[in-house]
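Have a look at the structure below before the remarks.
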Amino acid sequence: YSWNTVSYAFLNRYPNPFATHVLTADTLEHYVDANTGELHITRLLRKTNSVPRWARSIMRGNDAYILEKVVIDTQLGKLVSKTRNITHTRLMKVEEKQTLSVDPLNRGQTLCKNETSIVSSLGYGLNSRIENFSLSRFADNISKSRKGMLYVLDIAQRKGLFRQRLHTEQPMQQ
């Protein structure tokens, strides 16, 4: 898919049936930087997940709030999203950076790069257990995230928001 199409889908990825754990996505701020022309968007995501039995005494509730900051440079064809949890930070800190950019070898495709950091400093010998559990859950969610993006891309095309995909285009690159 083209960068314009994937960027649109990224910003409109919630709700979708593969992300039922995302309860809300609220825009807190958006503006265009007068010097760079970049669009800046700050959103607050509210998510829920089942808590493993061993963590129930540590966590208060299943809901988590995530701060998402997105910077879009349409001149370069680049979208950078940085997310971090702002609740349950005593238990663990999760930071994710996702970059969507025009493929320089095929401008009709989009490259997607994900970087994630999961760190627990709770102590009590639980750090590695928390980090390993979170990494495993994150890996499972990557597949759901990709399916959700493809779902939103399909809806956008069926509604005619974008020109039809060229037969020579390949699926979104990971």
Between Phe162 and Ile58, take the C-beta separation as r, use R0 = 35 Å, and let me know the FRET efficiency to the nearest 0.05. 0.20
Taking 0.36 nm per residue of separation and subtracting the Cα-Cα distance, what length does fully extending Glu95 through Thr42 add? 17.6 nm
Over the alpha-carbon set of region 1-42, divide Rg by the Kirkwood Rh and report the Rg/Rh ratio to two decimals. 1.06
Past the 19 Å Cα-Cα mark, which pairs from Lys47/Lys144; Lys47/Lys93; Lys47/Lys82; Lys69/Lys144; Lys47/Lys78? Lys69/Lys144; Lys47/Lys78
Between the modelled labels at Val119 and Arg146 (7 Å from Cα along Cα→Cβ) the distance in nm is 2.9
Starting from the Cα of Asn12, step 7 Å along the direction of its Cβ; do the same at Arg137; then give the gap between the two resulting points in nm. 3.0
Run the dipole for region 1-108 about the Cα centre, Lys and Arg Cβ at +1, Asp and Glu Cβ at -1, nothing else charged, and hand back the magnitude in debye, nearest 20. 620
In Å², what does the accessible area per residue of region 23-81 work out to with a 1.4 Å probe? 62
Roughly how tilted is helix 127-158, in degrees to the nearest 10 and between 0 and 90, from the longest Cα axis of the chain? 30
Based on alpha-carbon centroids, what's the gap between region 25-43 and region 64-132 in Å, whole number please? 18
Under a point spin-label approximation (7 Å from Cα along Cα-to-Cβ), what is the Asn127-Leu105 distance to one decimal in nm? 4.0
Roughly how many debye, to the nearest 20, is the charge dipole of region 59-102 about its Cα centre, given +1 on each Lys and Arg Cβ, -1 on each Asp and Glu Cβ, and no other charges? 180
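The values are calculated or read from the model by the stated rules, or taken from the named source; none is laboratory data. Values in this document were obtained by computation on a predicted structure and should not be read as measured data. Please note: Cβ atoms are built from the backbone with ideal geometry, for glycine as well, and neighbour counts cover all protein chains shown. In case anyone asks, the SASA skips ligands and DNA or RNA and just uses the protein heavy atoms, side chains included. Shrake-Rupley method; radii C 1.70, N 1.55, O 1.52, S 1.80 Å.
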